[in-house]
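These notes concern the structure reproduced below.
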Amino acid sequence: MIIKTKTTIASSEITDQQIFLQRRKVVKALLGAPLAYAGIHSGLAAGQTAPSNALAAHYQADSTITPANLVKNYNNYYEFSLTKEQPATLAQSLRIDPWTIEITGEVERPLRLDLDDVLKLQTVQEYVYRFRCVEAWSMVVPWLGFPLASLLKTVKPLSSAQFVKFTSVDQPEAMPLQANNTMLEWPYVEGLRIDEALHPLTLLATGLYGEPLSKQNGAPIRLVVPWKYGFKSIKAVVKIELLKKAPLTTWNKFAPRDYGFYANVNPNVPHPRWSQASERPLGSHFFTPRRKTELFNGYGEQVAALYRTMDLSHFF
Ligand code: MTE
């Protein structure tokens, strides 16, 4: 299925298209058979079809992508460091091969599979999404991945499955702050409501910028939920559990008033310590005006219906 959106993506620089196209060729060779480029997915409204040269279409005036070196060198990965700069080096010690994924809970057919075998069953495609951190910086990233829904389908969720819990890897020998029990409770845990998890915009990403996912960005597989604050997009996922009740999630447990379970991007609800009305695109210059934050990070057309009965004037 092709999902696209209007691409009102504001950012600072545009990646040169030729370089990007070359990268795509490299990746095709790198990642081999499971990789199918049916088109670029830039989150356009459901029901719209992709133009035949969707990639070229993506590079229209208002479509921009954050330079890869910024995305790979400014990270939040608290198992490794409290700084933005250190995960790029420290995360290299993470062991990611072999990597097993377990899907359990309220499902007909629980699954425990090597990631390579999971990928054989999935079609990896490119999805260009805005990404908005709760700290008010933002970026636009071309992810490689597949809809979480397509993996969940294979385990046949039961009707009792109302929520999904995601757990990151427990590897204290490679993760210094996990080893020291610093700051958060480990392993990192996140959660979604089942309809959010099954939404076609919700991805499991295995790559970015036409390359396998870098360790600091969540290799070998991470969640990407583009309409929610970035802390929901859990890295290095090893376990997915379908549950009857909402799981207790890492940040929500740490500071419930600051980090809600839903955490939908919302310019109208400030964080207790700062405004969420605007954001700083990574790479933007000091004097560049900040970008106005959009409700649901600009994906309202696709996801607002999920929250029809909720009072969005609160921070969830
Ligand atoms: N996942 C794990 N396991 N550990 C983390 O510290 N940080 C989250 C999220 N996923 C985090 C995580 C936060 S706060 C953000 S903003 C994004 O990852 C950052 O993703 P990036 O480093 O790829 O930009």
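The values are calculated or read from the model by the stated rules, or taken from the named source; none is laboratory data. Please read all numbers here as calculations on a predicted model, not as lab measurements. Neighbour counts run over all protein chains shown; Cβ positions are idealised from the backbone, glycine included. These area figures cover heavy atoms from the full protein model, side chains too; ligands, DNA and RNA do not enter into them. Shrake-Rupley method; radii C 1.70, N 1.55, O 1.52, S 1.80 Å.
At-a-glance table
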| read-out | value |
| --- | --- |
| FRET efficiency, residue 82 to residue 112 (Cβ-Cβ, R0 51 Å, nearest 0.05) | 0.95 |
| Span from the region 230-304 Cα centroid across to the region 170-209 one, whole angstrom | 14 Å |
| By average C-beta atoms within 10 angstrom, highest first, the peptides 108-114, 234-240 | 234-240, 108-114 |
| Segment residue 173-residue 271, extension gain: residue separation times 0.36 nm, minus the distance between their alpha carbons | 31.9 nm |
| Heavy-atom accessible area order for 285, 199, largest first, 1.4 Å probe | 285, 199 |
| Of all accessible heavy-atom area on region 66-307, the percent that carbon and sulfur account for (1.4 Å) | 55 percent |
| All-pairs alpha carbon distance profile, region 66-307, 5 Å steps from 0, percent | 1, 6, 14, 19, 21, 19, 12, 6, 2, 0, 0 |
| Per residue solvent-accessible surface (Å²) - region 66-307, probe of 1.4 Å | 39 Å² |
